[in-house]
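The values are calculated or read from the model by the stated rules, or taken from the named source; none is laboratory data. Since we're looking at a predicted model, the values are computed, not measured. As a convention, Cβ positions derive from the backbone with ideal geometry for all residues, glycine included, and neighbour counts pool all protein chains shown. Only protein heavy atoms, including side chains, enter the accessible area calculation; ligands, DNA and RNA are left aside. Shrake-Rupley method; radii C 1.70, N 1.55, O 1.52, S 1.80 Å.
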Amino acid sequence: MRRHIPFARLHNFRDLGGYPAAGGQVVRWGRLYRSDSLGKLAGEDWDRFRALGVGTVIDLRYPWEIDAKGRVPEHPGLTYHNLSIEHRPYDQPSLDPTVETGPFLAERFMEVAQDGVKELRQALDVIAAPDAGPVVFHCASGKDRTGQLAALVLALLGVPEEVIVEDFTLTELATERLLADWRAEHGGASPRWPGYGRAPADVMRLFLDAMARTYGSVQAYAADQLGVDAEEVAALRRALLEPALTFRRAAEADVAVLVGLRDAAARWQIARGIDQWQPGELGEDHFRARLADGEVWIATLGPDGPVAGAWELWWQDPAAWGDAPGAAGYVHRLMTDRTTAPPGTGRRMLAEAERRIAASGRDLCRLDCLATNPVLRAYYEAAGYEVVGEQSAKSGARKAVYAVTLLEKRLTA
């Protein structure tokens, strides 16, 4: 799954889900996000942000930064916290070019660890709260203060250090756009310090090494300096972790399960006013045909756990997309079992489908939904899909002829 969620004005908004964590679990997708300043949200960006269902925002900037640059728009369904974890301001763009990025920023991170004890503990409490809903935390660029809080949370979840370092470096994918914003605000000039906007791995490695030397580990720091006990770590893990999904190809013995999944999903949609599927439309013959001419995948909670969902993966879809051999993979009938599937299962199954498509050498994942279903369209758009057209005369089980919205996502191998 694409970690960076695309916005027009935000450059570093990304999901912390999917990382391996303690006890064979993974960080839940769609529950915790990190970002650059949400004060830039407006227009379609705001609509996309609201579609994520975010319930809580933690703003890590100084109050004077908020006064100058603005904050996330107020909304009745959004709780806002300003927790400025940094207490020694410095002008990063104006640093001397000879200042080494890794050692300098690692030292600033250690200052935050010492000075921001109160605010860091409050941030952990907010993130772990069962009623917080999806949480976003951010600073100005979504790099240093945001990266430090991300490292603390991920370490407490049991995410390996090499993964924490990798997460920090993903800001490098946003560096050019962050620099472009800075130049636009400063008459086209460039920052004096070449490390501005950069997130090299040695910053986080040096910081984690310093935490180990000073406190024993990040976990020991949280216990000794922040007062985070075992029960509070458990609460954080309950809020953010879920069992790892296992994926397998469906077989003849799964046909009845697939029919049941599809009918249950249709009933769930109808109960919520979503016009997409009807119970009884597709029987065992349909799924047997898909097993013969394509791929059907099942997701379970662990290798021997209950079924959480399923989807069909096609390698051609001429009815909706025309003849395009080898161009894409096509996802159909993405279904979850609402009685067993943890939140985010649909997105995790999409991510697995995307992974398989990319591994096949194709760089597009395509899908469609009824043109009359704005709820499902918004769901796919929030997962990184773009509307690329409409097929006004598709035929199939749902109706004799119906219109569908066509969406696709470009993948990286």
For the condition within 14 Å of R88 (Cα to Cα), in contact (Cβ under 8 Å) with a residue 12 or more places away in the chain and in contact with a helix residue (DSSP H, G or I) (Cβ under 7 Å, 6 or more places away or on another chain), what is the one hit in F104, F109? F109
Within the group L236, L245, L208, L226, which residue is at pLDDT 95 or above and in contact with an Asp or Glu (Cβ under 8 Å, 6 or more places away or on another chain)? L208
Of the residues in the stretch 54-67, those that are open to solvent by less than 40 Å² (accessible area, probe 1.4 Å) and either aromatic (F, W, Y) or assigned to a loop (DSSP other than H, G, I, E, B) (or both) number 5
Would you call V296 in contact with a Lys or Arg (Cβ under 8 Å, 6 or more places away or on another chain), more than 22 Å from G53 (Cα to Cα), without any contact (Cβ under 8 Å) to a residue 40 or more places away in the chain and not aromatic (F, W, Y)? no
Here are some conditions: (1) of a type outside the set (V, I, T); (2) crowded, with 23+ Cβ neighbours inside 10 Å; (3) not in a helix (DSSP H, G or I). F49 meets all but one. Which one does it not meet? (3)
Within the stretch 212-259, considering residues that are among the acidic types (D, E) and crowded, with 18+ Cβ neighbours inside 10 Å, the one farthest from G23 (Cα to Cα): D254
Condition test on A199, is it farther than 30 Å from E295 by Cβ and free of Cβ contacts under 8 Å to residues at least 12 places away in the same chain? no
Whether any residue in the stretch 314-327 is within 28 Å of G53 (Cβ to Cβ) and buried (at least 20 other Cβ atoms within 10 Å of the Cβ) is what I want to check. no
Within the stretch 301-317, does at least one residue satisfy the condition of being closer than 28 Å to G361 by Cα, in a helix (DSSP H, G or I) and touching a strand residue (DSSP E or B) at 6+ places or on another chain (Cβ under 7 Å)? no
Filter the stretch 261-287 down to the residues that are over 20 Å from G346 (Cα atoms), assigned to a helix (DSSP H, G or I) and open to solvent by less than 60 Å² (accessible area, probe 1.4 Å) and list them by number. H286
Output the residues belonging to the stretch 140-162 that are hydrophobic (A, V, I, L, M, F, W, C), farther than 23 Å from A51 by Cβ and open to solvent by less than 20 Å² (accessible area, probe 1.4 Å). L149, A151, L152, V153, L154, A155, L156, L157, V159
Which members of the stretch 344-376 meet the condition of being farther than 17 Å from V296 by Cβ and of a type in the set (V, I, T)? T372, V375
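Got a sec? Which of L179, L152, L173, L157 is at pLDDT 95 or above and closer than 23 Å to A8 by Cβ? Outline the logic, then answer.
Values: L152 fails: closer than 23 Å to A8 by Cβ; L173 fails: at pLDDT 95 or above; L157 fails: closer than 23 Å to A8 by Cβ.
Only one candidate passes the filter, namely L179.
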V388 - would you say it is at pLDDT 90 or above and open to solvent by 40 Å² or more (accessible area, probe 1.4 Å)? yes
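Listed here are the residues, each with its yes/no results for (1) within 30 Å of T214 (Cβ to Cβ); (2) at pLDDT below 95; (3) open to solvent by 20 Å² or more (accessible area, probe 1.4 Å); (4) not charged (D, E, K, R).
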site: M1; (1), (2), (3), (4): no, yes, yes, yes
site: G30; (1), (2), (3), (4): no, yes, yes, yes
site: H75; (1), (2), (3), (4): no, no, yes, yes
site: T79; (1), (2), (3), (4): no, no, yes, yes
site: P97; (1), (2), (3), (4): yes, no, yes, yes
site: A106; (1), (2), (3), (4): yes, no, no, yes
site: A113; (1), (2), (3), (4): yes, no, no, yes
Can you find a residue in the stretch 13-35 that is of a type in the set (F, W, Y) and farther than 18 Å from V153 by Cβ? no
Residue in the stretch 350-381 that is nearest to the chain's Cα centre (by Cα), counting only those that are open to solvent by 10 Å² or more (accessible area, probe 1.4 Å) and aliphatic (A, V, I, L, M): A351
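Quick one: would you say R290 is under 30 Å from R34 (Cβ atoms) and either among the basic types (K, R) or open to solvent by less than 20 Å² (accessible area, probe 1.4 Å) (or both)? Quick ask: steps written out before the conclusion?
On the way: under 30 Å from R34 (Cβ atoms): no; either among the basic types (K, R) or open to solvent by less than 20 Å² (accessible area, probe 1.4 Å) (or both): yes.
Judged against the criteria, R290 is not a match.
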